[in-house]
1. Determine the dipole magnitude for the protein assembly as shown: charges of +1 sit on the beta-carbon of Lys and Arg, -1 on that of Asp and Glu, nothing else is charged, the reference point is the Cα centre, and the result goes in debye to the nearest 20.
2. In 10 Å bins starting at 0, how do the alpha-carbon pair distances of region B:50-124 split up by percent?
3. For B:K223, A:K487, give me the order by solvent-accessible area with a 1.4 Å probe, most accessible first, ignoring ligands, DNA and RNA.
4. In nm, what does the list of distances from A:D332 to its counterparts in the other copies look like, shortest first, when each label sits 7 Å along Cα to Cβ?
5. Given an 8 Å cut-off on Cα distances and at least 6 residues of separation, report the relative contact order of region A:33-110 as a percent.
6. In terms of Cα to Cα distance under 17 Å, which lysines are near enough to A:K223, apart from those fewer than 8 places away along the same chain?
7. Please list log₁₀ I(q)/I(0) at q = 0.12, 0.18, 0.20, 0.23 Å⁻¹ for region A:213-316, using the Debye equation with identical point scatterers on the alpha-carbon positions.
8. Distance between the C-alpha centers of region A:204-260 and region B:99-170? Whole Å please.
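The values are calculated or read from the model by the stated rules, or taken from the named source; none is laboratory data. Just so it is clear, the model here is predicted, and its values are computed rather than measured. Glycine gets a Cβ as well: all are built from the backbone with ideal geometry, and neighbour counts include every protein chain shown. In case anyone asks, the SASA skips ligands and DNA or RNA and just uses the protein heavy atoms, side chains included. Shrake-Rupley method; radii C 1.70, N 1.55, O 1.52, S 1.80 Å.
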Protein chains: 2
Amino acid sequence: MTHYVPPLADIAFLLHEVFRVETLSIPGYDELTPDVTGPVLAAAGELASEVLAPLNTIGDREGCRLENGIVRTPPGFREAYARVAEGGWIGIDLDPAYGGQGMPHLMNTLAGEMHVSANMALNMYWGLTHGAYNAIHAHGSEEMKARYLPPLVDGRWSGTMNLTEPHCGTDLGLLRTRATPEADGSYRITGQKIFISSGEHDLTENILHLVLARLPDAPAGVKGISLFLVPKFLVNGDGSLGPRNAVSCGKLEAKMGIHGNATCVMNYDGATGYLVGEAHKGLRAMFTMMNEARLSVGVQGLAQAEAAYQQAAAYARDRLQGRAATGPANPDGPADPIIVHPDVRRMLMDIRSFVEGGRALITWVSIGIDRYHRGNEPDAEGFVSLLTPVVKAFLTHRGFEMCVEAQQVFGGHGYVEDWPMSQFVRDARVTMIYEGTNGIQALDLVGRKLPSDGGRHMIAFFDEVKTFIRENDADPVLRADFLDPLKAASKDLQAAVEFFMARGMKEPNEALAGSTDFLHLFGHTIFALLWARMAKAALAGDSDFHRAKLATARYYMQRQIPASQLHLARIRSGAGPVMALPAAGFQEGR
Amino acid sequence: MTHYVPPLADIAFLLHEVFRVETLSIPGYDELTPDVTGPVLAAAGELASEVLAPLNTIGDREGCRLENGIVRTPPGFREAYARVAEGGWIGIDLDPAYGGQGMPHLMNTLAGEMHVSANMALNMYWGLTHGAYNAIHAHGSEEMKARYLPPLVDGRWSGTMNLTEPHCGTDLGLLRTRATPEADGSYRITGQKIFISSGEHDLTENILHLVLARLPDAPAGVKGISLFLVPKFLVNGDGSLGPRNAVSCGKLEAKMGIHGNATCVMNYDGATGYLVGEAHKGLRAMFTMMNEARLSVGVQGLAQAEAAYQQAAAYARDRLQGRAATGPANPDGPADPIIVHPDVRRMLMDIRSFVEGGRALITWVSIGIDRYHRGNEPDAEGFVSLLTPVVKAFLTHRGFEMCVEAQQVFGGHGYVEDWPMSQFVRDARVTMIYEGTNGIQALDLVGRKLPSDGGRHMIAFFDEVKTFIRENDADPVLRADFLDPLKAASKDLQAAVEFFMARGMKEPNEALAGSTDFLHLFGHTIFALLWARMAKAALAGDSDFHRAKLATARYYMQRQIPASQLHLARIRSGAGPVMALPAAGFQEGR
């Protein structure tokens, strides 16, 4: 059974000392005082540690089973899911008109991180419900919303996203699933979808599939895709369940990880579906789900690293092996705990400085989401849109690497399944892939988000960095340890943007060859800004927590921020070295 | 079934154009002409692609089973192992006096790379035999050698290494397994060993366990460890098998990967054993095995990356998705192959430039082994000793990362077990851990190998770099593209050595905190030297192969060598940021 301790003090520090959320002028934020956030997040944490975490290993070992079209989730998942639904966690930030609790999105993110740390595969069953809710809420008719949203919000039903087909993942223009109109205004959906998370399971009474398909008159490519709602059981006018729809799980995928989540091949054999939003505008509607899903996947990367960190730190304190180079730390024992060794400490500090920086990032971006959803601040939408690929790809790439480092702390014990480390690595691996691979995120960042609105949102980011530096430059401790590295990273990022503007406009491959490095350079610069802000808040405090925060901030600045130069050097090498070898040079045998 | 194409042209280029092995004055190397190396390596490659590779997925899926004390290997492993033994591959570089083929160690390494690419878990059954042979050959009595070596060489028997116990891995001073002397000169061995690769299986008639244990009069710590030979079946004077010994497999470990290899808990219940070498000097004897094992593990990291690269390159050529930013490359098809996208090409070039550089490294080091084993050149031993931790840790750390990148090329298909990518990642992961974790390799490099013999071997490496630069400085192409980056990396490495000398002497943690970064900095510098040498050889040729080699060399120089600065910056940040947080700061809950 995997032990998990909710990082409540760290979350409270971010909310009330760094971002001081209760002082922000965002509707609903005035209620986010410590006496509200504290108990809510403590309850979310208790659910994570007491109910979800104990099932994480079981989910991995037992997996899901498909028997006669029915998918059975691992033992205990049904009971745990019921607890989640009863607690109102699925609708924590959803519209009270449909039964939600109407709290800021920020609270959903922070509770979600803990639930994902405790049990990622189980969390996914309601994580995707959230996305389905958003698509219907934003694009569905009033009647559709009234009929389908309340049971999603209270967890009786769940939702899925159906995009991928065997021959088409990233390039949705190739998709073949067909929708033909019926006389009653519904559609018949026919085709096959693959890699459908939570596609079929025994946790809820009904499942609402949101499916991309083509109408008969659809133009070719992505401009001919429409979004349909396809319930597993058709729903009567009074909300009761009608007959089973012609949609079924054809196969469960055997995967590297997230065994507790049912990843399904879904077959649509003339299933009844309902158009969501406008015909041929399905991609836009799907992106309402997708953007949120991408942020949630970033949270998954971070959350797995946090869970893995906790295990590694505990193991490093317990495992006795060798002696400190500076003299025995445990002279009465047979050996010292391995935490005395600098290389073990390096791994722990790598992970810790990543997860605490990442938690600041998801907090910052979630506040941005609330700014535009609740506060109608249009610039906030651009900010979130710019940062979405970074949250998704940087947090998952680094999060996976951190799980690997945490596994490394265990030596051989990290490789055997008696300990939970292999699972964290295997589970985290998918986060770099799904909801758009990390390469696609980098492409989205460089090709779309960076130049959008004339580059306004990127300029706003640089302005935010400059303002913070200007406002704090008089503090000598902040300046030397935190502002100088932030300045250096920001300068490298600026140089990369200039390189893309000078070279990438004429020759797109010059920018695309550096897209992944740009995303990482941006990620590190964002972390530098957030660590500088956290350092400032920590300097105002005087406790072991605040001193540890400062030490961790210094670690990130000194050991991680120098990576900005490496990424800039790669970006400046341009497309030449990447594309020099012709495609034929990759034939077999050499 | 996983496809594997032996990289014969690349190996031939290294042997005969880069290192020109047949011209080196090492006993036996005059025979390594292309007409000898070509057919031998082609046969090794054919065994890999035809016999071993088809069983790789089966081994992963079926794994090993323990039934009534007997371990059954996956279907097909017995037949494949028999083919390996029949072909004489186990003894390719072993002493003809015991039935070996007496070829240079280099040939074993290159054949081994292919066998590991094809099926790492299966290869391990005879890979460890090689280590057991070496320990007995170097430290056993003549009688012991005559009795035990021939059946190891011909593959009828296999060997294992037994070091780890539940409470002790790295710190062998803690080990508890006991050896008590008997009147007949043998010993009774009692204790439990864990993580024993190939500890029990059905491939051979007998298994020879080399076991570390303590004699009754042993001093405490590592100076009281002796090495024993413990056969599964006792061996009669005529070489026939006698009664079963009191050693048994108590459990098979459930592992993240290498499912086809039986990783055993081994119980010694008063088993009969024979002292190998001197009493209390067992660690030295075990290191005869261990050093070779560490080099072999480096080869595993490289070999898994090569196998994963082949799959990724093939997938990238086949998978149609999206269009090239520079205009359609496949205008008649529904989309372009993903190899047109710069970020996909980046991943392929990362892996390719790593595996080709790594193959040059294992070739270089294997020549060094032959220099001191066959040529009795004592400096060569220092060279190999210095490079051993780099080969082990750099090739496995980067090799694992490259498997992850190759998996990434597949998108969602990389995460499901229908494709072989998950297995490459899971199998490669162990190479960073076993035979001494990569952190231990870095400690060995910085704490032991770097200062050994007054730093002579490190100085010799710098001299080799300087000599190569001086001899080739007149060539403008070599200078700009290859020598300048080599110079830059070498300068950073030199600066790191100076930092350790100035700071690490007084305060060991100042050096230890930078040990992993030093190992990586050294690895990149070695790769820079080897890529410069390969570029020189490639410039002398005029074929697509040579042009591809040059393009790959340039890629490594431009995109990987700048990492040297990052590693130096981290090293120079010293122990401060790493050790600032007290151990108590890693308690649970924050």
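1. Result for the protein assembly as shown is approximately 900 debye, rounded to the nearest 20.
2. Using 10 Å bins, I get a P(r) of 18, 44, 27, 11, 0 for region B:50-124.
3. In descending accessible area the options line up as B:K223, A:K487.
4. 8.2
5. Normalised by residue count, the contact order of region A:33-110 is 20 percent.
6. Qualifying lysines at Cα under 17 Å: A:K281.
7. -0.66, -1.12, -1.20, -1.25
8. Using only Cα atoms, the two centres lie 56 Å from each other.
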